[in-house]
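All remarks here apply to the structure that follows.
Read-outs: derived from the displayed coordinates by stated rules, not from any lab. Here the structure is a predicted model, which is why all the values come from computation and not from measurement. FYI the Cβ positions are ideal-geometry reconstructions off the backbone, even for glycines, and counts take in every protein chain you see.
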Amino acid sequence: MVSDSPDEARSEEMSTIVVGDVHGCLEELEAVLQRADFCRWRDRVVFVGDLVNGGPDSLGVIRFVKGLGESAEVVLGNHDLHMLAVYYAGRERRGKDTFGDVLEAEDVGELMAWMRQRPLVVREGTNLVVHAGLWPGWSAAQAEGVAREVELALRGPDYRELFEAMYGNEPRRWRDELEGWERLRVAINIMTRMRVLEADGRLEFDYKSTYEAIGEGQHAWFDVEPARWAIDGPEPGGVRVICGHWSALGYMKTPRVLALDTGCVWGRALSAVRLDDGHLFQVERGGPVG
């Protein structure tokens, strides 16, 4: 079990742990945090989004993470936003959705209000945590600014309209002069749905295969040059992006990206990294693997 008492906290300094896509896999979440020796009274945990959908216990995951209080932060993923849109805007549930337990919970209003307050981007030192990725033309500061625009809309009086307007693939590229729902829609698509870009810079939403299988004329979003966020940051060399979303990509660690969706919901593993020393912890569906 994750330490739930101040008396159980070790004397060591605080650690920051980042966890990949959970997708309703509560048992694996508790196990990977235990392997990382996470203590809520000492440490901080950041989730890369998609707490819900696909796994067996979306309700348990949300209650668990919410119950961690200020020791936990979550960036919103596309599945989290879809669940919010179903609840707040009456969007139709998909056949594969498994968050019905959340929608039917007696405390659903409180849980959804908490989810709606989650950010799109979180800074951890020289890392930016986001669900899917960052537009190559954004500096780190601009990425944070665009995220704040979306967050203000999510928390503002027209949030139901946003949940309706965010669906759709157009526009397929970011332009600074975009306004209104188009601006917010493409920002959400970049930060929560992006995997690859076409050679002409357009977002391509159908690709879900591996990094190695990317075809000619397409590029992983983090390979597109120049990536301003990797250059213009608070420190020389910009920021590293920590993300999830792309389960076929799996675990990837480079100077500019740390990808943590290792497909737990698909029967593979849930991954977590302790930022202090870069140690990787993984729990396979059914037991620990490392």
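List of remarks:
- Full extension of the chain between ARG123 and GLU177 gives 16.9 nm of extra length, using 0.36 nm per residue less the Cα-Cα distance.
- The trypsin sites (Lys or Arg not before Pro) found in segment 68-171 that occupy coil by DSSP, while having at most 10 further C-beta atoms within 10 Å, are ARG94, LYS96.
- Sparse-neighbour loop sites [GluC sites (Glu not before Pro); segment 110-202; at most 13 other C-beta within 10 Å; DSSP]: GLU177, GLU179
- Annotation note: trypsin sites (Lys or Arg not before Pro) in segment 33-71 located in DSSP loop regions with a Cβ neighbour count of at most 13 within 10 Å are absent.
- Taking amide H positions as modeled 1.01 Å from N, with prolines and chain starts lacking one, the residues under 5 Å from PHE47 and 5 or more places away or on another chain are VAL19, GLU73, VAL74, VAL75.
- Gap separating the Cα centres of segment 117-163 and segment 197-261, nearest whole Å: 17 Å
- For GLU124, the residues whose amide H sits under 5 Å from its own are VAL129, ignoring neighbours fewer than 5 places away on the same chain, with H placed 1.01 Å from N.
- Taking the Cα centre of segment 203-267 as reference, the dipole from Cβ charges on Lys and Arg (+1) and Asp and Glu (-1) amounts to some 260 debye.
- Semi-axis lengths (Å, descending) of the ellipsoid that matches the C-alpha gyration tensor of the chain: 28, 23, 19
- Value of relative contact order over the chain, rounded to a whole percent, pairs C-alpha under 8 Å and six or more apart: 22 percent
- Placing unit charges on the Cβ atoms of the charged side chains and taking the dipole of segment 223-281 about its Cα centre, the candidate lying farthest along the positive direction among LEU280, VAL239, LEU270 is LEU270.
- Label-point separation in nm, ASP158 to GLU27, each point 7 Å along Cα→Cβ: 4.6 nm
- Rounded to whole numbers, the Karplus 3J(HN,Hα) couplings from phi for segment 185-199 are 5, 5, 4, 5, 4, 5, 7, 10, 10, 5, 10, 10, 10, 6, 4 Hz, using 6.51 cos²θ - 1.76 cosθ + 1.60 with θ = phi - 60°, and x at Gly and Pro.
- Simple rule: put +1 on each Lys or Arg Cβ and -1 on each Asp or Glu Cβ in the chain, find the dipole, and look at LEU68, THR98, GLY201; the Cα lying farthest toward the positive end is GLY201.
- A simple spin-label model places pseudo-atoms 7 Å from Cα toward Cβ; at SER209 and HIS279 they are separated by 3.8 nm.
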